[in-house]
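What follows is a short report on a single structure.
The values are calculated or read from the model by the stated rules, or taken from the named source; none is laboratory data. What you see is a predicted model, and the numbers here were worked out from it, not measured in a lab. Neighbour counts are summed over all protein chains in view; Cβ atoms, including those assigned to glycine, are modelled from backbone coordinates with ideal geometry.
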Amino acid sequence: MNRINFNVPPHTGREMEYISQAVANQKICGDGEFTKKCSSWIEAKTGTQKCLLTTSCTHATEMAALLADIKPGDEVIMPAYTFVSTADAFVLRGGIPVFVDIRPDTMNLDEKLIEDAITEKTRAIVPVHYAGVGCEMDTIMDIAKRHDLLVIEDAAQGIMASYNGKPLGTFGEFGCFSFHETKNYSMGEGGALLIRDEKYVEEAEIIREKGTNRTKYFRGQIDKYTWVNLGSSYLPSDMNAAYLYAQLEVADEINDARKASWNRYYERLLPLAEKGKIELPFIPEQCEHNAHMFYIKAADIEERSRLKKYLDDNKILAVFHYVPLHTAPAGIKFGRFHGEDKYTTKESERLLRLPMYYGLKPEEVDYICGKVKEFYTGA
Ligand SMILES: *Cc1c(COP(=O)(O)O)cnc(C)c1O
């Protein structure tokens, strides 16, 4: 068995053809043919009012923070078990991340703890759909409505996944997707902002185009464009969009292949879980996931380190991630944890992600599961 990587960026075969086409179009800056194709695809697939392709999910979240008009001192409720961008996008605007504990079963923020963290400064809730498994959106949307808060979904891992049949990223005012090379669909670096309500669209287009009304100009709605508000440059090159489109057009095929790997892992490892040696991911009934990741949980950090080393010695790269943000230097400086950290640290220390990518072979999954079993049972 060759060494098994943790991730291999998705590639379907038509990427170079589409990139060449973008170059031949002589429009390799933003908002060319492929950018339009990708955003239309996402709009059709998710039913969102508007999708704007961005340079990253981090930037999509920054746009959401600008659109939400987050001001210094405003509080934003989120889990601490997440990637830094979830918090950083708000900190850039002077916002204060208020971290609440996660649920140990899904690793998503615990919806039952949100209400207690709300103060008169709270402006938004930011659910992170970890591993493409939806947060408890009915409860979260209800809380937001009752307290007049915005919901900004970090759906970086959530494309093609849904909660009660509704695509992740379409519940809140804003949803943010990532197309980083580690995600299910990629353009190298990139993302998308999903906007639920028409009323934010024009301002979003201005923010994305350096604070100008250039998008309106390109549509022929005005005869010259000018600086109208604050903004930045959040639109990706059409060459990157061309790469992404080659994957979106076969999105179901990629999704099915990932789910086949996920299900195979689950079946092969179930006996170990039943013996109480490891824990497997939990998918709530309302959630249709997208096999973004397959993780297992060891007993504790010490056992996880030994397992990771054992797999590494057997040419399998397994990884963990997310040092909880409230324990990181910037998290301590800019945010605070509300309530007790019952699960965030403990569960994050147990979690180990197994190789998962488009193109992972069934025999590789079997080999990995065999080695995990060997570690625990010696056979
Ligand atoms: C990947 C990821 C991000 C960042 O995405 P980029 O496109 O790299 O900016 C943010 N949040 C979560 C939960 C992620 O997994």
Report task. Note down all Cβ pairs under 8 Å where the first residue falls in the stretch 298-313 and is under 21 Å from Thr345 (Cβ atoms), the second is at pLDDT below 95 and of a type in the set (A, V, I, L, M, F, W, C), and they're at least six residues apart or on different chains. Result -> Arg304/Phe320; Lys308/Phe320
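With respect to Ile42, is the statement that it is within 23 Å of Ala131 (Cβ to Cβ), part of a helix (DSSP H, G or I) and away from the ligand (no atom under 13 Å from the Cβ) true? Break it down into steps so the answer makes sense when it comes.
Numbers: within 23 Å of Ala131 (Cβ to Cβ): yes; part of a helix (DSSP H, G or I): yes; away from the ligand (no atom under 13 Å from the Cβ): yes.
In short, yes.
In this structure, is Tyr295 part of a strand (DSSP E or B) and either surrounded by fewer than 18 Cβ atoms within 10 Å (Cβ to Cβ) or modelled with pLDDT of 95 or more (or both)? Break it down stepwise before answering.
Numbers: part of a strand (DSSP E or B): yes; either surrounded by fewer than 18 Cβ atoms within 10 Å (Cβ to Cβ) or modelled with pLDDT of 95 or more (or both): yes.
So Tyr295 passes the test.
Tell me, yes or no, whether the stretch 65-73 has at least one residue that is touching a Phe, Trp or Tyr at 6+ places or on another chain (Cβ under 7 Å), among the charged types (D, E, K, R) and either in a loop (DSSP other than H, G, I, E, B) or within 16 Å of the ligand (Cβ to nearest atom) (or both). Working first, answer last.
Step one: of the stretch 65-73, the residues touching a Phe, Trp or Tyr at 6+ places or on another chain (Cβ under 7 Å) are 65, 67, 70.
Then drop every residue that is not among the charged types (D, E, K, R), which leaves none.
No: zero hits.
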Report task. Please list, ordered by first then second residue, the pairs with beta carbon atoms under 7 Å, 6 or more apart or interchain, first in the stretch 32-47 and at negative phi, second assigned to a helix (DSSP H, G or I) and of a type in the set (Phe, Trp, Tyr). Result -> Phe34/Tyr18; Phe34/Tyr245; Lys37/Tyr245; Cys38/Tyr245
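Taking the condition surrounded by fewer than 24 Cβ atoms within 10 Å (Cβ to Cβ), touching a helix residue (DSSP H, G or I) at 6+ places or on another chain (Cβ under 9 Å) and in contact (Cβ under 8 Å) with a residue 12 or more places away in the chain, does Ile206 pass?
Working: surrounded by fewer than 24 Cβ atoms within 10 Å (Cβ to Cβ): yes; touching a helix residue (DSSP H, G or I) at 6+ places or on another chain (Cβ under 9 Å): yes; in contact (Cβ under 8 Å) with a residue 12 or more places away in the chain: yes.
When the stated conditions are applied, Ile206 passes them.
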Requested in this report: Take the residues in the stretch 75-95 that are farther than 21 Å from Cys135 by Cβ and of a type outside the set (Lys, Arg), then tell me which one is farthest from the ligand (Cβ to nearest atom).
Outcome: Gly94
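So, in the stretch 59-109, how many residues would count as being among the β-branched types (Val, Ile, Thr) and surrounded by fewer than 22 Cβ atoms within 10 Å (Cβ to Cβ)?
We begin by selecting, within the stretch 59-109, every residue among the β-branched types (Val, Ile, Thr); these are 61, 70, 76-77, 82, 84, 86, 91, 96, 98, 100, 102, 106.
Restricting the remaining residues to those that are surrounded by fewer than 22 Cβ atoms within 10 Å (Cβ to Cβ) gives 84, 91, 96, 106.
Final tally of qualifying residues: 4.
What do you reckon, is Tyr225 outside any loop (DSSP other than H, G, I, E, B) and over 22 Å from Gly47 (Cα atoms)? Spell out the reasoning first.
On the way: outside any loop (DSSP other than H, G, I, E, B): no; over 22 Å from Gly47 (Cα atoms): yes.
The answer is no for Tyr225.
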**Report entry** Candidate set from the stretch 358-369 (those that are of a type outside the set (D, E, K, R) and surrounded by 15 or more Cβ atoms within 10 Å (Cβ to Cβ)); member that is nearest to Pro9 (Cα to Cα)
**Finding:** Tyr358
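Among the listed residues Ser261, Ser232, identify the single one that is surrounded by 22 or more Cβ atoms within 10 Å (Cβ to Cβ) and among the hydroxyl-bearing types (Ser, Thr, Tyr).
Working: Ser232 fails: surrounded by 22 or more Cβ atoms within 10 Å (Cβ to Cβ).
Among Ser261, Ser232, only Ser261 is surrounded by 22 or more Cβ atoms within 10 Å (Cβ to Cβ) and among the hydroxyl-bearing types (Ser, Thr, Tyr).
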